[in-house]
Structures are given as structure tokens and as C-alpha cells.
Amino acid sequence: MTARDQAHEHGRGGPTRRQLLFGGAVAGIGAVAAIGADTLARGQGGGSASTEAEQALNGDLTVPFYGTHQAGVETPPQAHATLIALNLRPEIGRDDLRRLMQVLSDDASRLSQGVAALADSEPELAHVPARLTVTFGFGPELVRRGAADVSALPSWLRPLPAFGVDRLEEAWNDGDLLIQVAADDAFTVAHAQRMLLKDARSFTTVRWTQTGFRRAHGSEKSGTTMRNLFGQVDGTVNPAPTTEDFDGLVWITDGWLAGGTSMVVRRISMDLDTWDRLDRSGREQSTGRLLSNGAPLTGTQEHDEPDFEATTAIGFPVIAEFSHIRRARSEDTSQRIFRRAYNYDDAPRGDQVSTSGLLFVSFQADVDAQFVPLQRRLDDLDLLNEWTTPIGSAVFAIPPGCTEGGYIGETLLA
Amino acid sequence: MTARLTTPTVALTLAALVVLAGCSSNDDTTSTSPSTSASASSAGDAVSIDDAWVKAADSGMSAAFGEIKNTGTEDVTVVSVTSSASSMVELHETVENETGAMVMRQKDGGFTIPAGGDLVLGPGANHIMLLDLTEPLKAGDEATFTLTFSDDSTVEFTAPTKDYSGANETYEDSEMDMGDE
């Protein structure tokens with residue numbers, strides 16, 4: 001955290017383009033370049049070598065791999081993420097799964113610290129961790145094959161019930177092993193993905209991969225709520241990591257998943273073309289929030305509590321009955337989830353101009369008790385359903401973290 | 001700012017790494033009895049192995065890699081190596097032969113690691129050659145190796161197995177390919 005704070009300290013000072021360029025050059029090439037940069041900088045009438053050399057680089061920032069929980073859940077969302085769902089090869093059994101998770105955990109522990117994995121063919125590409133996290137999730141088939149007894153399978157670890165709004169495509173559904181690779185640098189994600197998949201290859205085949213993005217690191221103040229490609233501030237009401245509220249909603253407390261959680265992945269197609277036909281007030285009505293800053297229609301600031309009782313002069317609710325924020329909210333405060341979504345923007349085909357959407361990711365202790373009732377309310381009524389269509393769906397158990405020398409999944413497989 | 005913010009972790013190898021005290025004329029590598037030589041510390045005491053790994057293979061040949069560090073004040077020489085994974089193990093170097101091809105062959109006199117220095121074993125370079133696997137080496141399996149030094153002291157280390165497409169050097173003597181594909 002200290003390193004990150006430091007980086008932001010520099011960010012607030014507003015590094016110039018020149019500082020950024022030379023900062024990178026100094027770190028990359030070393031002392032010779034530093035002298036050159038210094039000379040050049042003085043020639044341009046500003047800066048000193050030491051100032052340039054002290055420029056903190058985002059690429060050096062790391063997130064611990066080992067811990068009570070896996071990284072990549074509480075971690076402030078990185079700019080880039082790729083989710084990979086793998087199918088286990090037919091012959092893979094419990095002992096194989098143990099070997100697989102030992103290898104993958106070792107890779108992840110090294111890569112996340114900016115160290116090449118063992119047998120890394122491109123070790124130089126590992127040297128920019130950029131807050132890389134690798135998070136592993138187990139689908140029902142992996143738990144069945146890996147468990148010593150059947151009671152290990154949580155009742156919620158199965159495909160979600162069918163919702164009326166779903167138009168699921170098999171290509172985006174389910175999976176036996178989920179790997180979430182996230183970093184502030186897409187290059188780092190690509191290398192980690194390649195390394196992990198090479199090591200998973202003799203055990204698994206790729207079922208699907210989904211890539212998502214947020215704002216680039218440093219483009220916005222850290223902690224700014226994400227916007228989706230509809231332009232909406234998306235994720236305002238989200239439990240804050242490391243709080244008691246978050247811990248109670250997200251972390252499982254017993255069994256082999258103690259310290260773990262569950263993950264719901266939904267690929268939600270967003271029809272930007274029909275959304276374009278909607279005027280600004282209609283867009284705000286659909287969610288119940290202002291587009292400008294995400295404030296509820298009854299407030300002025302993003303985090304103002306919405307007033308669901310407020311009515312217009314002619315007696316209609318200010319926040320409409322069909323609005324997303326009204327429908328998403330339950331009187332039962334245990335029916336909440338932690339969202340950690342990404343945007344996607346695929347290449348359009350034919351006469352399309354965009355194929356965009358939301359790579360929805362949520363974590364919760366119990367899918368059936370928290371996610372499902374929430375999604376049922378939205379399925380029944382949510383004006384946003386006019387423009388959004390779930391086209392992929394998957395549920396995974398996220399095992400707890402491990403200590404050095406251990407591996408992810410050991411509470412199931414050991 | 002070139003320094004890394006954190007230090008490397010070497011979970012699998014270090015956790016399992018066992019540095020044995022020297023045992024001068026004793027083949028029992030589990031012995032921890034001190035060396036009877038006059039030297040204060042044996043080569044085995046001064047050497048550690050980091051980031052070791054061995055290439056997965058179903059049968060036949062494979063190779064092990066890693067970084068051998070000599071933290072002592074005297075040069076050490078690895079003269080032989082044994083492994084749980086292969087009935088026959090050799091120390092190999094990769095050199096250019098008379099036709100210009102890179103081939104591997106047994107290293108005469110073994111590997112000498114200077115005091116305070118290290119020796120990197122890697123694909124396409126020096127390596128520990130496993131000539132006859134006793135059973136398939138599958139990704140994630142661990143293999144145990146024992147290095148013996150010129151002073152008869154030993155050091156044991158464990159290496160995880162990794163799938164690896166490279167390390168397909170030609171073996172000088174037999175012209176056999178050590179790849180498993």
C-alpha cells in the first residue's frame with residue numbers, strides 16, 4: 001500500500017509527459033540513460049536527474065500472493081483483466097489436480113512479485129508485475145473430482161437458475177477451473193496468461209476467455225467508481241473491502257472454503273445502438289441515477305442515499321418503480337454482493353458498429369442466498385433489461401489463500 | 001528506480017531444500033554427521049540451489065535446471081549427481097561441434113563454481129542430464145537430486161517438474177533427441 005500511495009503522490013503532482021518518458025528511460029536503461037536525460041532536461045530548462053530517477057513506476061507495484069484470502073477479490077480493481085475458464089481433461093483426477101494447483105500457484109506467486117516463473121521462456125516479460133493478481137476458482141466438476149467426499153460440493157456451486165432475460169450462449173457458460181488474471185498493464189496480463197496456460201495445458205483445455213478493461217492506471221483517482229459503456233457510473237453501492245460489512249457478505253467461514261468465497265461471472269451484452277435512441281433523462285430514469293456523477297435522482301452526490309419515497313409534483317416516484325437501483329435493492333441487507341466488473345468491447349461484425357458489454361463479476365459468501373434473489377428481482381422488472389442481455393453465466397468456488405510453501409486448493413486437495 | 005519492491009519468492013524449491021552437512025566417505029546422504037576433514041566447512045555446506053526444475057517426460061531422457069550458488073570462500077566442484085527420477089544422471093554442457101551444431105555432452109571434470117559465485121543451469125546450456133527415467137515425470141511431480149562435490153560432501157535438493165517445449169538439444173554421443181515429442 002505504501003508503494004501505491006507513493007505512486008499516487010507523484011500522480012497528484014502531475015508528472016509531465018517528459019518526466020514520464022524519461023522516468024521510464026532511466027529505469028529501463030540505467031545510469032547512462034540517466035546522464036543523458038539529465039543533460040537533455042537541463043537543455044529544456046527544467047528538472048534534474050534525481051527528480052527524473054525518482055519517478056515511481058506503476059509497473060513495479062506488487063500485490064502479495066500469499067494470505068488468508070486469494071488476491072484479486074479485495075484488491076482495488078486493476079485496469080485490465082482476463083478471465084479464463086478451463087475444462088479438465090477426462091483422465092484428470094484428484095492427484096493430478098493437486099499437481100496442477102501446485103504448479104499454477106507457484107507460477108502465480110512468482111509472476112505476481114515480478115519474478116519469472118520456473119521454465120518461463122520469456123523471463124524478461126515477468127519483470128513488470130503492475131499489481132498482477134492471479135485468482136483461481138473451482139467449478140462443480142473440479143470439486144467433484146478433487147473432493148475426498150461429496151459433502152465438499154457447496155449447494156450453490158452449480159449453474160444459476162434460468163432467468164427470463166437470459167439468452168445464454170454455450171460458448172460463455174460454466175467451466176471447471178477459472179483463472180482471473182488482472183494487472184494494470186495488458187502486456188503483463190498477456191504474459192501471465194500464456195505462462196499459466198502452458199502449465200495447465202496437459203491437464204486442461206480452454207473453454208472460454210473473456211477480457212475486460214477499466215480506466216488505465218493513473219487516468220483517474222484510485223477508488224473512482226467505474227463507468228460502463230452506457231456512460232453510467234456502475235457500482236456505487238458496493239461493500240468496502242476489509243470492513244466488517246464486506247467480510248460478512250463475502251467470506252465463507254467454514255469448511256474447506258473458509259477464507260474463500262463464490263464468484264458469479266455474467267457476460268452482459270449491452271445494446272448501444274438502441275441505447276443511443278434514448279434521451280438523457282430516459283437514461284437516468286432507467287437506473288434512477290444521474291449520468292453526470294452517479295448521484296441518485298433524489299440527491300446531488302454519488303454516495304447520497306436514494307430517497308425512494310420522494311415523489312414528483314404530480315405524485316410519481318422520483319426514482320421510478322422500474323429503475324435499476326430500486327429493483328436491485330432489498331429490504332433484507334444480507335441480499336447484497338460485492339461487484340468487481342470490467343467492460344468489454346469486442347470487434348463488431350457485419351453492419352454492427354460495436355459489440356460491447358459488461359463482464360459482470362461478483363463475489364458473495366452464498367450465491368443462492370445473495371446473488372439469486374437479487375437477480376430474480378431484476379429479472380422480474382428492471383428497465384435496464386431493455387438494453388442489456390446476459391449471454392454468458394458461470395459460478396465458481398474461490399478457495400482461500402495459502403501461505404508460502406502451500407498452494408491454492410490445498411484445503412480441498414491435500 | 002530499478003530496484004524491485006519485493007524480493008523473489010521461491011516457494012516450492014526453498015521449502016523443500018535440505019542442505020546436508022558433509023559426510024566425507026559416506027554414501028548415506030541422509031547422514032548429518034559432520035565432515036571429518038580439516039576444513040571448517042564442506043562444499044555441501046556452502047552451496048544452495050535456487051529455482052530448480054526438471055522437464056516433464058514420459059520416459060527416456062530429461063534434464064534438470066536451476067541456479068547453484070556457492071556462498072563459501074573457496075571454489076567448489078560438482079563431480080557427480082544422482083536423482084530419484086533416473087537411474088543414470090550426468091553433468092552436461094552444451095557446446096558447438098565441428099559442424100557448427102549445438103550438442104550436449106558430459107562435462108569433463110564436473111562443474112566448478114567459484115567462491116561467492118553461481119552457476120546457472122538452463123535449457124540450451126549447462127544442465128543435469130537424466131538419461132533413463134525410472135517412471136514418467138509429470139508436471140507438478142517432485143524429483144530429488146543429490147550433488148556430490150570433489151571433497152565428497154553432498155547437497156540434496158528437490159525440483160518440481162514442469163511442462164516445457166524447449167530443451168531439445170541433440171545428445172552428442174547418440175544423436176538422440178531428448179525431447180518427448
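Among the strands (runs of 3 or more DSSP E) confined to segment B:111-156, the ones with at least 3 residues that are in contact (Cβ under 8 Å) with a residue 60 or more places away in the chain are located at B:127-130, B:142-149.
Each row is one residue, and each column tells you yes or no for (1) surrounded by fewer than 20 Cβ atoms within 10 Å (Cβ to Cβ); (2) at pLDDT below 50; (3) within 14 Å of another protein chain (Cβ to nearest Cβ); (4) outside any helix (DSSP H, G or I).
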site	(1), (2), (3), (4)
B:Leu5	yes, yes, yes, yes
B:Asn26	yes, yes, no, yes
B:Thr29	yes, yes, no, yes
B:Ser48	yes, no, no, yes
B:Ala63	no, no, yes, yes
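Considering only residues that are surrounded by fewer than 22 Cβ atoms within 10 Å (Cβ to Cβ) and either over 21 Å from the mean Cα position of the chain (by Cα) or acidic (Asp, Glu) (or both), which ones fall in segment A:175-191?
Start the filter on segment A:175-191 by keeping residues that are surrounded by fewer than 22 Cβ atoms within 10 Å (Cβ to Cβ), which leaves A:185-187, A:190.
If the condition is that a residue be surrounded by fewer than 22 Cβ atoms within 10 Å (Cβ to Cβ) and either over 21 Å from the mean Cα position of the chain (by Cα) or acidic (Asp, Glu) (or both), then A:Asp185 is the only one that fits.
Taking first residues from segment A:106-119 that are at the interface with another protein chain (Cβ under 7 Å from one of its Cβ atoms) and partners that are buried (at least 24 other Cβ atoms within 10 Å of the Cβ) and at pLDDT below 95, the Cβ contacts under 7 Å between residues at least 6 apart in sequence or on separate chains come to A:Asp106/B:Leu12. Using the structure shown, decide if B:Glu90 is within 14 Å of chain A (Cβ to nearest Cβ) and free of Cβ contacts under 8 Å to residues at least 60 places away in the same chain. When the stated conditions are applied, B:Glu90 does not pass them. Checking each residue in segment A:199-242 for being within 14 Å of chain B (Cβ to nearest Cβ) and either buried (at least 20 other Cβ atoms within 10 Å of the Cβ) or in contact with a Phe, Trp or Tyr (Cβ under 8 Å, 6 or more places away or on another chain) (or both) picks out A:Asp199, A:Ala200, A:Phe203, A:Thr204.
Scan segment A:137-155 and give yes if some residue there is part of a loop (DSSP other than H, G, I, E, B), more than 14 Å from every other protein chain (Cβ to nearest Cβ), touching a Ser or Thr at 6+ places or on another chain (Cβ under 9 Å) and modelled with pLDDT of 95 or more, otherwise no. Checking segment A:137-155: at least one residue is part of a loop (DSSP other than H, G, I, E, B), more than 14 Å from every other protein chain (Cβ to nearest Cβ), touching a Ser or Thr at 6+ places or on another chain (Cβ under 9 Å) and modelled with pLDDT of 95 or more. Selection over segment A:62-92 of residues that are away from chain B (no Cβ under 12 Å) and in a loop (DSSP other than H, G, I, E, B) gives a count of 15.
Set side by side, the residues A:Val395, A:Val353, A:Val372 differ, and just one is outside any helix (DSSP H, G or I) and either buried (at least 17 other Cβ atoms within 10 Å of the Cβ) or free of Cβ contacts under 8 Å to residues at least 40 places away in the same chain (or both), which is A:Val395. The set of residues in segment A:154-174 being surrounded by 15 or more Cβ atoms within 10 Å (Cβ to Cβ) and either of a type in the set (D, E, K, R) or touching a helix residue (DSSP H, G or I) at 6+ places or on another chain (Cβ under 9 Å) (or both) consists of A:Pro154, A:Trp156, A:Leu157, A:Leu160, A:Phe163, A:Val165, A:Asp166, A:Asp174. Here A:Phe360 passes the criteria (1) part of a loop (DSSP other than H, G, I, E, B); (2) in contact (Cβ under 8 Å) with a residue 40 or more places away in the chain except the one numbered (1).
Within the bounds of segment B:95-116, is there any residue that is basic (Lys, Arg) and under 30 Å from A:Asp96 (Cβ atoms)? So far as segment B:95-116 goes, no, none of its residues is basic (Lys, Arg) and under 30 Å from A:Asp96 (Cβ atoms).
The values are calculated or read from the model by the stated rules, or taken from the named source; none is laboratory data. Quick caveat: nothing in here was measured; it's all calculated off a predicted structure. FYI the Cβ positions are ideal-geometry reconstructions off the backbone, even for glycines, and counts take in every protein chain you see.
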